[in-house]
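One structure below.
The values are calculated or read from the model by the stated rules, or taken from the named source; none is laboratory data. These numbers come from a predicted model, not from an experiment. Note: ideal-geometry Cβ built from the backbone for every residue, glycine included; neighbour counts use all protein chains shown.
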Amino acid sequence: MFLKPKVTLFAAILALSGGAVGNTDELDEIANYRDYSEVLSSSGQPSESQLRALKDAGFERIVFLAFSDSHGSIANEDSQVEKLGMEFVHVPVDWEAPSKADFYLFAGAIERELHKKTLIHCQVNFRASAFSFLYRVLYNDVDMGDAKKDLDSVWVPNETWRNFIFSILEENGRSPHCDTCLWNAD
């Protein structure tokens with residue numbers, strides 16, 4: 001298949017560059033920036049200059065999981081991302097009421113083109129890290145404990161988000177429990 005060599009070539013470029021392409025210092029300045037794999041990362045809201053740094057680092061798609069009028073969001077982020085030559089996907093997720101439809105819309109967008117290097121972001125990486133956790137466990141078969149450790153490095157989900165995560169996992173025949181998984185924010 002044609003896409004496989006592209007992924008392999010990209011992996012070789014990453015290996016030769018020490019794991020990143022572009023200005024990694026600027027990426028590290030993005031709030032709660034996390035790399036999960038060669039093609040999947042999450043963060044809080046990047047600035048306009050950080051969007052350019054993401055492009056320079058090889059990102060091809062930006063997925064935004066908050067509302068466009070959220071505090072700190074970039075005006076016209078969609079058109080700015082598109083002008084940089086990246087795909088923009090917007091799934092506005094209500095902080096107080098995340099829905100299964102939101103998650104599956106997000107997952108469908110990621111699954112459509114698995115090879116695209118993607119940043120998933122929201123305001124501070126709470127929504128994005130929760131969606132990343134679910135995606136990695138359900139679609140990438142990442143170990144629950146490893147994915148939960150990554151989620152915990154950003155935040156411990158509150159009751160609303162814990163219930164949301166549990167409902168998605170249950171719907172997919174997965175238990176949220178593992179030896180190292182602590183789910184209480186208390």
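Among the residues of segment 153-186, what is the count of those that are of a type outside the set (Ser, Thr, Tyr), in a loop (DSSP other than H, G, I, E, B) and within 22 Å of Ile110 (Cβ to Cβ)?
So in segment 153-186, the residues of a type outside the set (Ser, Thr, Tyr) come out as 154-159, 161-166, 168-174, 176-179, 181-186.
Within this subset, residues satisfying the condition of being in a loop (DSSP other than H, G, I, E, B) are 154-158, 172-174, 176-179, 181-186.
Okay, now just the ones that are also within 22 Å of Ile110 (Cβ to Cβ), so 154-155, 157, 172-174, 176.
So the count comes out to 7.
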Just name the residue that is modelled with the lowest pLDDT out of those in segment 11-35 that are touching a Phe, Trp or Tyr at 6+ places or on another chain (Cβ under 9 Å) and not aliphatic (A, V, I, L, M). Gly22
Select, from Glu82, Glu87, the only residue that is in contact with a strand residue (DSSP E or B) (Cβ under 6 Å, 6 or more places away or on another chain), without any contact (Cβ under 8 Å) to a residue 12 or more places away in the chain, farther than 22 Å from Phe166 by Cα and of a type outside the set (S, T, N, Q). Glu82
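Looking only at segment 166-176, count every residue that is over 23 Å from Asp94 (Cα atoms) and surrounded by 14 or more Cβ atoms within 10 Å (Cβ to Cβ) and tell me the total. Steps first, please.
Here is the first cut: in segment 166-176, the residues over 23 Å from Asp94 (Cα atoms) are 173-175.
From what is left, the residues that are surrounded by 14 or more Cβ atoms within 10 Å (Cβ to Cβ) are 174.
Final tally of qualifying residues: 1.
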Is it the case that Glu38 is part of a loop (DSSP other than H, G, I, E, B), farther than 24 Å from Ser167 by Cβ, modelled with pLDDT of 95 or more and charged (D, E, K, R)? yes
List the pairs whose first member sits in segment 130-143 and is touching a residue at least 12 places away in the same chain (Cβ under 8 Å) and buried (at least 22 other Cβ atoms within 10 Å of the Cβ), whose second member is in a loop (DSSP other than H, G, I, E, B) and not acidic (Asp, Glu), and whose Cβ atoms are under 8 Å apart, counting only residues at least 6 apart or on separate chains? Ala130/Pro98; Ala130/Pro157; Phe131/Leu65; Phe131/Val93; Ser132/Tyr36; Val137/Arg174
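Kindly indicate whether any position in segment 43-52 is within 16 Å of the chain's Cα centre (by Cα), within 15 Å of Phe131 (Cα to Cα), surrounded by fewer than 22 Cβ atoms within 10 Å (Cβ to Cβ) and not polar (S, T, N, Q). Before you say what the answer is, go through the steps one by one.
Residues of segment 43-52 that are within 16 Å of the chain's Cα centre (by Cα), as a first pass: 43-46, 50-51.
Those left that are additionally within 15 Å of Phe131 (Cα to Cα): 43-44.
After this cut, where a residue has to be surrounded by fewer than 22 Cβ atoms within 10 Å (Cβ to Cβ) as well, the list is 44.
Of the ones still in play, those that are also not polar (S, T, N, Q) are 44.
Taking every residue of segment 43-52 in turn, at least one turns out to be within 16 Å of the chain's Cα centre (by Cα), within 15 Å of Phe131 (Cα to Cα), surrounded by fewer than 22 Cβ atoms within 10 Å (Cβ to Cβ) and not polar (S, T, N, Q).
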Could you tell me whether segment 149-165 includes any residue that is free of Cβ contacts under 8 Å to residues at least 24 places away in the same chain, surrounded by 14 or more Cβ atoms within 10 Å (Cβ to Cβ) and under 18 Å from Asp102 (Cβ atoms)? yes
Suppose the filter is closer than 17 Å to Glu171 by Cβ and of a type in the set (Phe, Trp, Tyr); does Phe126 pass it? no
